[in-house]
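Structure first, commentary second.
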Amino acid sequence: MATDYHHGVRVVEITTGSRVLRTVSTAIIGLVATGEDADATMFPLNTPVLITDLKTAIGKAGTQAKGTLVGSLKAIDAQTSPFVVVVRVAKGADDAATTSNVIGTTDDKGRLTGAQALLAAQSRLGIKPRILGAPGLDVQPVASALGIIAKKLRGISLCLLCLSHLQSYAWHGPNAMREIYLAPLGMTQFAGSGEYQR
């Protein structure tokens with residue numbers, strides 16, 4: 001009886017066999033993008049899809065003239081090769097409708113749409129995206145929505161709002177969320193042919 005009572009930390013050392021350590025992946029990207037001519041079977045609308053092979057996904061993501069999906073996947077592929085959870089949304093009749101589609105909601109069947117569908121990735125795909133973005137679509141309402149979703153997923157949201165440093169600071173003040181990272185205006189990347197591009 002006296003051996004069952006214990007104060008403090010107890011160490012149990014296992015000297016035989018191997019133990020599997022479970023780690024939490026923090027490098028899973030959650031991407032919301034448009035792609036009107038993307039392969040609808042690979043990228044169904046408002047459905048989180050797990051991409052493990054970026055090269056194949058780029059080939060089925062459509063053209064850059066018809067949406068942001070292919071350009072975003074190419075930019076990710078140029079840097080690294082992580083798991084990517086993609087939610088393709090429809091382009092609206094105008095910018096306001098597109099913004100509404102990107103932010104998303106719950107439809108009449110109870111399914112999450114737009115960026116909200118990233119919240120369903122854990123139950124549908126078994127993984128949780130932690131780095132969220134909607135390149136080319138991240139206007140201020142979208143940035144705020146992605147920040148809220150990132151907070152729920154315990155991740156971060158990267159947003160390029162086309163603001164100067166002072167404008168970014170002014171916007172981030174009243175919308176302060178530690179989950180929102182604003183990329184300032186003028187951020188460039190090396191294009192590979194000797195010049196830099198935005």
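Quick note: the coordinates plus some simple rules give every number you see, no bench work behind them. Just so it is clear, the model here is predicted, and its values are computed rather than measured. Note that we place each Cβ from the backbone using ideal geometry, even for glycine, and neighbour counts take in every protein chain shown.
The shape of the stretch 60-169 comes out rounded: with a ≥ b ≥ c from the C-alpha gyration tensor, a/c is under 1.5.
In this simple spin-label approximation, Asp107 and Ile127 carry label points 7 Å from Cα along the Cα→Cβ vector, and these lie 2.4 nm apart. Each Lys or Arg adds one and each Asp or Glu subtracts one; over the other residues with Cβ under 15 Å from the Cβ of Leu137, this totals -1.
Arranged from fewest to most other beta-carbon atoms within 10 Å of their beta carbon, Leu125, Leu160, Leu31 become Leu125, Leu160, Leu31. Put a dot 7 Å past the Cα of Ile148, heading toward its Cβ, do the same for Ser81, and the two dots end up 3.8 nm apart. Pairs from the table (Lys66/Lys109; Lys91/Lys151; Lys128/Lys151) lying more than 22 angstrom apart at Cα are Lys66/Lys109; Lys91/Lys151. Peptides 144-156, 127-139 ranked from most to least packed by the mean count of surrounding Cβ atoms within 10 Å: 127-139, 144-156. The residues packed around Ile149, meaning those with a beta-carbon under 15 Å from its beta-carbon, carry a net charge of +4 if Lys and Arg are +1 and Asp and Glu are -1.
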